[in-house]
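The values are calculated or read from the model by the stated rules, or taken from the named source; none is laboratory data. Here the structure is a predicted model, which means the values were calculated and not measured. All Cβ positions, even for glycine, are placed from backbone atoms using ideal geometry, and neighbour counts span all protein chains on display. Side chains included, ligands, DNA and RNA excluded: accessible areas come from the protein's heavy atoms. Shrake-Rupley method; radii C 1.70, N 1.55, O 1.52, S 1.80 Å.
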Amino acid sequence: MITAILVSLVVLSLSLGVSNLAVHNSSQSAFDRDRVMAIHAAEAGLDNYLSSLTKLDPTNPVPTCTSSLNVGASPVEHYDVSVQLFDTWPPTGAPLNCPVPANQAVAGALVISKGTTLSAASAVSRKMETAVRLTPIFGGLNQAIFSNDQLNLQNKLDVNGNVGNDGDVYTNGNFLMQNNTVISGSVYAQGTVYINQGVVKQDVWGNGAVDLHNISVLGKVTSSTQNTGTISLDIAHVYGDAKAGGAITLSNNSQVDGSQTPNSPSGPPPKVDFPQVPYVTCAWDGSCPPLPVGGNYTIVPFSDCTLAKNFISIPHAGNYVVRISPTCALSWKNSNLSIGGNLAIITDGSFTLSQQNSWTGVGGKYTLFIIRPYQAGLPCSPSPSPYDVNVSNNTSFNNLQVFVYSQCTINFGNNNAGGFEGQIIGGQVNITNQMVVNFKPITVPGFNKIGYRSDVSYLREIPTS
């Protein structure tokens, strides 16, 4: 009997030992699992933050200094990210104060992510740290033609896309298109749309009334505003749907292949504020930190348009910025110029080409910038203003892609059918009498920063305390 009791006690002791070991191993396994989940959460915080840098808020394109996210329900995982931003890399001074102003150059960041797993028993946290060098990413505008006020297209204009039918035209005012015009893209207007004779190969979307005469639209037609947002079709063919805030009227054998939805208000076309293209010297000569963001342009300043014209009229190998200030009138008449490299004409005054002009890239295909930089409060009226861009009377740009910008008026007319390759961005754009626009998105140094590329210097785990 005594022997049996002793044996039972031994078995019980062994069982308790096995049970305690099993409980310990289970607790340790859960703890290890929580530690793994915590480090994964910390790594997710780093990855998410660095990924977010590639596409920032266009109204304030600077990195933030914090980020956090909760993931899951049971156990709860979350990360908290703290960031120190620097204006030089490697850092040579104290971090920048947060929030960082929109115009502040950011060269690098020290990013710490704390990942935490909350279980019923405990909270487990681990930290990851990375140091990254930040390089600005600049993007181009997405419109072939942009007019902040009314956009007027007259007498045989062809807009060709860059990739497929992406040659969009946009206006924050009314859109007027006449006489045998073909748009290989979409038409967007925050005002009304009037088109007489032509083809639009994508969509037509106006916030106000849309009147289409003798035209084919290969996509959809939308008029957004309640009651006044009507669609009127006269000898018109819409291959897609038609949707209006008010009535839809078809006459003279017009047809809509898709559905018709009248009296159905919708939101306006996506709003695009007028792009404010500045002149940033260091973006052109490549001296902006942390890396050159424009190119190796040589900046040649002029205070006189005659001297600037003489310089431009002589071919120069290499990339040049001709910076003209103060305001003066730069003009050519019956010119035949050879361009030997990328050339930016950035003037505080007007730019005019009249009668027959031929500008040709020699030795390669180059980019020509014609820019009157944005200036707050610039008086563009009465018209013509001393800040307009005028290109007329059979002007051709050969072997050149061209970016034209003025917050005042841009006038194109009488251009040869050989084509203009690039973009036209103006306060008001008027195009008349036979022109071909071949859309080519062009990035302007110092403008339209969309985010940052991050190059990792190191990645490590650090103590949580």
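When residues in region 57-72 are screened for being at pLDDT 80 or above and closer than 13 Å to Tyr452 by Cβ, 2 of them pass. Taking the residues in region 277-291 that are closer than 15 Å to Tyr374 by Cβ, in a loop (DSSP other than H, G, I, E, B) and out of contact with any strand residue (DSSP E or B) (no Cβ under 8 Å at 6 or more places or on another chain) as candidates, determine which candidate is modelled with the highest pLDDT. Filtering first and then ranking leaves Pro278.
Filtering region 406-425 to residues that are open to solvent by 40 Å² or more (accessible area, probe 1.4 Å) and assigned to a strand (DSSP E or B) leaves Asn411, Glu421. Looking across region 343-380, the residues that are open to solvent by 60 Å² or more (accessible area, probe 1.4 Å) and under 17 Å from Cys328 (Cα atoms) come down to Tyr374, Gln375, Pro379. With respect to the stated conditions, Pro315 fails to be modelled with pLDDT under 95 and either more than 19 Å from Trp359 (Cα to Cα) or in a strand (DSSP E or B) (or both). Out of all the residues in region 261-275, is one or more farther than 30 Å from Ala109 by Cβ, of a type in the set (A, V, I, L, M, F, W, C), at pLDDT 95 or above and surrounded by 15 or more Cβ atoms within 10 Å (Cβ to Cβ)? Taking every residue of region 261-275 in turn, none turns out to be farther than 30 Å from Ala109 by Cβ, of a type in the set (A, V, I, L, M, F, W, C), at pLDDT 95 or above and surrounded by 15 or more Cβ atoms within 10 Å (Cβ to Cβ). Scanning region 207-255 for residues that are within 20 Å of Asp158 (Cα to Cα), aliphatic (A, V, I, L, M) and either open to solvent by 60 Å² or more (accessible area, probe 1.4 Å) or in contact with a helix residue (DSSP H, G or I) (Cβ under 9 Å, 6 or more places away or on another chain) (or both) returns a single hit, Leu218. Within the bounds of region 393-401, is there any residue that is free of Cβ contacts under 8 Å to residues at least 60 places away in the same chain, in contact with a Gly (Cβ under 6 Å, 6 or more places away or on another chain) and crowded, with 20+ Cβ neighbours inside 10 Å? Checked region 393-401: at least one residue is free of Cβ contacts under 8 Å to residues at least 60 places away in the same chain, in contact with a Gly (Cβ under 6 Å, 6 or more places away or on another chain) and crowded, with 20+ Cβ neighbours inside 10 Å. Scanning region 48-56 turns up at least one residue that is at pLDDT 75 or above, more than 26 Å from Glu461 (Cα to Cα) and open to solvent by 90 Å² or more (accessible area, probe 1.4 Å). Restricting attention to region 171-184, the residues being farther than 18 Å from Ile425 by Cα and either open to solvent by 20 Å² or more (accessible area, probe 1.4 Å) or without any contact (Cβ under 8 Å) to a residue 12 or more places away in the chain (or both) number 4. Restricting Val187, Val200, Val204 to those that are open to solvent by less than 30 Å² (accessible area, probe 1.4 Å), out of contact with any Leu (no Cβ under 8 Å at 6 or more places or on another chain), closer than 20 Å to Thr230 by Cβ and not small (Gly, Ala, Ser) reduces the list to Val187. Filter region 134-170 for residues that are among the β-branched types (Val, Ile, Thr) and either in contact (Cβ under 8 Å) with a residue 60 or more places away in the chain or under 15 Å from Val182 (Cα atoms) (or both); which is most open to solvent (accessible area, probe 1.4 Å)? The selected residue is Ile137.
Kindly indicate the residue of region 419-435 that is modelled with pLDDT of 90 or more and β-branched (Val, Ile, Thr) and also nearest to Gly198 (Cα to Cα) among those meeting that condition. Ranking the qualifying residues of region 419-435, first place goes to Ile431.
Regarding region 426-449, can at least one residue be identified that is assigned to a loop (DSSP other than H, G, I, E, B), open to solvent by less than 50 Å² (accessible area, probe 1.4 Å) and on the phi > 0 side of the Ramachandran plot? Looking for residues that are assigned to a loop (DSSP other than H, G, I, E, B), open to solvent by less than 50 Å² (accessible area, probe 1.4 Å) and on the phi > 0 side of the Ramachandran plot, one finds at least one in region 426-449, hence yes.
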